[in-house]
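Take a look at the structure below.
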Amino acid sequence: MTPIGTESNPLRVAIIGSGPAGFYTFSNLLKQHDLVVEVDMFDRLPSPFGLVRAGVAPDHQKYKSVTRIYDKNARLPNFRFYGLVEYGKHIRLDDLKHHYHQVVFATGAQTDRNLNIPGEELSGSHSATDFVAWYNGHPDFTDYKFDLSQEKVAVIGLGNVAIDVARLLCKTPAELASTDMADYAIEALSNSGVREIYILGRRGPAQAAFSTPEIKEMGELTDADISVSRRDMELDPLSLEQVERLRDRTTLKNLELFRSFDEWQPTAKKKSVKLRFLVSPVEILGDADGKVRAIKLVKNRPVQAEDGSIRAEATDQVETLAVGLVFRSVGYRGVPLPEIPFNEAWGAIAHDQGRILSGEKGEPLAGLYTAGWIKRGPTGVIGTNKVDAQETVACMVADLKAGQVWHPEKPGIDTAGDLIRERQPDFISYDDWSVIDAEEVARGEKVNRPRIKFTSVKEMLSLLNR
């Protein structure tokens, strides 16, 4: 029998998810020069690129340029894209076993972690994940409503998603109009009544996870000022020792920027952002109509955990902050997939270096792999997925050499395509996506924008005359 991975018997790989982790898995497979591989990539959305399209802030176009590399690889003859095809609905694990030697799940972390406090369900309390998807034109979120008439907003979290939300709430109509933000979001944010934004973090400034450029941007807003109280910037002994010992360049630069904000003086700018450290929400308070009216905060103190890290411990000091809108940004979480072992504690697929493990014995399951956030949790930036995918692909290649792969009955490109056409006639090929992409860019060029997105599946299918 001809070895798997040769011209006459290519290694057939299915990748579930078309974000950075999926595309870096493909590019790492391409680097195996002694291996002939064919990849079919599936996504439940009509568009590829995952969070690069639906998660990266619309005013951060430079981060989206990475899709040029993905696009180049997607046009290779050994690649097929099947958009609008959902694992667990249109294709199942048994189907994949009939057509592929290996499968990689790279579905990302699609939901947010909850605060688990009273009042979290009130009207006006939202996941930052939902807000980001809404303003980026994700088809699942176009009908979401956010009461942007509120003057005071709390954004809970000390990561880049939280600061993205705060920054975009501060943008002027002219600044918003130059992005690829969904048109309906530009209109809503341009007419927003938001004037005061509080970014609230449970730990101190030395532990904030913001990237330095994101903090710097907050000090350069056209129509908003940012401030940090001098009291909040006083480093506790534990944090001071940690900073001096590690001398991490990012942390040092971030602290320098935070300190520059404590010199803030009121200006004629319409909006203000206040950074608050060492506070945790313990309850979201509502009015008689069930709408957010305030958030109750507890003051924290830094303590050293057994592993040496610094964590926040609540004190008995409590305050109430009047706000009418709350965005929770305390981390993403993966969603379990049918027939795939899931570690609830991790919020990710159970795995060892990318090999998916059985739920009972914790042994590797032949042919099944994972990459990206659904593998390691929501950590790192877009480029982190490249190294992550290298690890997974190394396991895939090693297992192929050891003969630990599936032996599909129908491994051909055409037979897999026939199955998809039968199960989902409206699937989106990469050629289809290229038509959609070109039209979005063309519409944007007319008004000096990067693109004007289609925000519904119906619109996309209509463009394709379906």
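The values are calculated or read from the model by the stated rules, or taken from the named source; none is laboratory data. Predicted model, so just to flag it, every value in this text is computed and none were measured. Neighbour counts are summed over all protein chains in view; Cβ atoms, including those assigned to glycine, are modelled from backbone coordinates with ideal geometry.
Structural remarks
- Lone qualifier among Glu187, Glu220 - being within 30 Å of Glu445 (Cα to Cα), at pLDDT below 95 and out of contact with any helix residue (DSSP H, G or I) (no Cβ under 7 Å at 6 or more places or on another chain): Glu220
- Picking from residues in the range 73-107 that are small (Gly, Ala, Ser) and crowded, with 23+ Cβ neighbours inside 10 Å, the one that is nearest to the chain's Cα centre (by Cα) is Ala106.
- Restricting the range 1-13 to residues that are assigned to a loop (DSSP other than H, G, I, E, B), in contact (Cβ under 8 Å) with a residue 40 or more places away in the chain and of a type outside the set (Val, Ile, Thr), the residue that is nearest to Ala416 (Cα to Cα): Pro10
- Leu148 being in contact with a Lys or Arg (Cβ under 7 Å, 6 or more places away or on another chain), under 24 Å from Ile163 (Cβ atoms), in contact (Cβ under 8 Å) with a residue 12 or more places away in the chain and among the aliphatic types (A, V, I, L, M): no
- The set of residues in the range 196-206 that are surrounded by fewer than 21 Cβ atoms within 10 Å (Cβ to Cβ) and either part of a loop (DSSP other than H, G, I, E, B) or out of contact with any Lys or Arg (no Cβ under 9 Å at 6 or more places or on another chain) (or both) contains only Arg203.
- Residue match in the range 14-29 (condition: part of a loop (DSSP other than H, G, I, E, B) and either assigned by TED's automatic domain parsing to the domain that holds Lys171 or surrounded by fewer than 22 Cβ atoms within 10 Å (Cβ to Cβ) (or both)): no
- Search result, residues across the range 129-180 that are farther than 25 Å from Leu200 by Cβ and either in contact with a Cys (Cβ under 8 Å, 6 or more places away or on another chain) or in a loop (DSSP other than H, G, I, E, B) (or both): Gly137, His138, Thr142, Asp143, Ala177, Ser178, Thr179, Asp180
- Check on Ser123, among the small types (Gly, Ala, Ser), modelled with pLDDT of 95 or more, more than 19 Å from Val161 (Cα to Cα) and surrounded by 18 or more Cβ atoms within 10 Å (Cβ to Cβ): no
- The set of residues from the range 34-49 being within 17 Å of the chain's Cα centre (by Cα) and under 19 Å from Val435 (Cβ atoms) comprises Asp43, Leu45, Ser47, Pro48, Phe49.
- Scanning the range 235-251 for residues that are more than 26 Å from the chain's Cα centre (by Cα) and in a helix (DSSP H, G or I) turns up Pro237, Leu238, Ser239, Leu240, Glu241, Gln242, Val243, Glu244, Arg245, Leu246.
- Residue selected from the range 30-64 under the condition among the β-branched types (Val, Ile, Thr) and closer than 15 Å to Asn385 by Cβ, by the criterion surrounded by the most Cβ atoms within 10 Å (Cβ to Cβ): Val56
- The range 353-365: number of residues that are closer than 23 Å to His407 by Cβ and at pLDDT 95 or above: 6
- Flag for Trp406 being assigned by TED's automatic domain parsing to the domain that holds Thr25 and hydrophobic (A, V, I, L, M, F, W, C): yes
- The range 29-72, residues that are of a type in the set (Ser, Thr, Tyr) and under 24 Å from Val397 (Cβ atoms): Tyr70
- Residue in the range 366-389 that is nearest to Trp406 (Cα to Cα), counting only those that are in a loop (DSSP other than H, G, I, E, B) and modelled with pLDDT of 95 or more: Ala371
- Per this entry, Asp426 is counted among residues that are modelled with pLDDT of 95 or more, in a loop (DSSP other than H, G, I, E, B), over 26 Å from the mean Cα position of the chain (by Cα) and charged (D, E, K, R).
- Within the range 89-117, residues that are part of a loop (DSSP other than H, G, I, E, B) have Cβ atoms under 7 Å from residues that are among the β-branched types (Val, Ile, Thr) and surrounded by fewer than 15 Cβ atoms within 10 Å (Cβ to Cβ) in these pairs: Gln110/Val335, counting only partners at least 6 apart in sequence or on another chain.
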